[in-house]
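Encoded as structure tokens, the structure appears first; notes follow it.
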Amino acid sequence: NFSNQSLHINASGIVILQSGATMLGVGNPCSSGTCSTGGNLNITSDTLLITGLIVSRGGNQSANGISPGNGGVIRLTARLINITTNVTTEPGDACKDTRYRGGSGVIDINSSILFINGTVSVKHNGGTCAVALTGGDIFINATNFTFGGKLNAEGGNANSNTLCDSNPNGAKGNGGVINISVGSNFVISGNLTAAAGQVGDDDHLPRRDG
């Protein structure tokens, strides 16, 4: 658990996140000000095998007129990385009638030999009665990259005034950034998306960055 803090793991050998295990970093919820950012995680090793879940999530908002927490930063560095499940950073929920939203976070992956057959996601999760914001950022730097999973930096979905009668002007968020640098071999059979969020029933505002 790396909630409300930064966790650094530095190992010379193999780090394994086993199936069924979860590394979770959640910001504190709040009823005033801005909620806490999701935890930051930095793993450095020779070999990193991820078959469990890694999630950094901002704190939830519990009152009007404040911002949920942003997603945190997840940084993975190893000679060989194999991701078969989900690595996610996302904002907390805006559960009240408000235009405020937290922002998505950043996932930064650096490896000589990289396999991604799971999902790496910085999607903005939209939410009730809120202007959706831009998706987060994914940075990948690898010498050899075999990709058969999903990279997701979608913007948040717009709202409908059937949900938000007192604040009907939700707007979809722009897509975030997916930046991939490969030095030698790139084998791709997976899906990448950094699209804007979906239009709501009453989306009459333009896309809006966050």
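Highest mean packing first, where packing is the average number of other Cβ atoms within 10 Å per residue, the peptides 19-29, 3-13 line up as 19-29, 3-13.
Rg to Rh ratio, the range 20-91, alpha-carbon atoms and Kirkwood radius?
Numbers: Rg = 14.3 Å, Rh = 12.9 Å.
When Rh is taken as the Kirkwood radius, the ratio is 1.11.
If you average the C-alpha positions of the range 1-68 and of the range 71-92 separately, how far apart do those two centres end up, in angstrom? Going from one Cα centre to the other spans 9 Å. The apolar share of the surface of the range 1-70, taken as the fraction of accessible area on carbon and sulfur atoms (1.4 Å probe, ligands and nucleic acids excluded), comes to 48 percent. Measuring from label point to label point, each 7 Å out along Cα→Cβ, what is the Ala11 to Thr193 span in nm? Here the answer is 3.3 nm between the modelled labels.
The values are calculated or read from the model by the stated rules, or taken from the named source; none is laboratory data. Predicted model, so just to flag it, every value in this text is computed and none were measured. Backbone-built Cβ (ideal geometry, glycine too); neighbour counts: all protein chains shown. The protein model used for the area step is the full one, side chains on, heavy atoms only, and it has no ligands, DNA or RNA in it. Shrake-Rupley method; radii C 1.70, N 1.55, O 1.52, S 1.80 Å.
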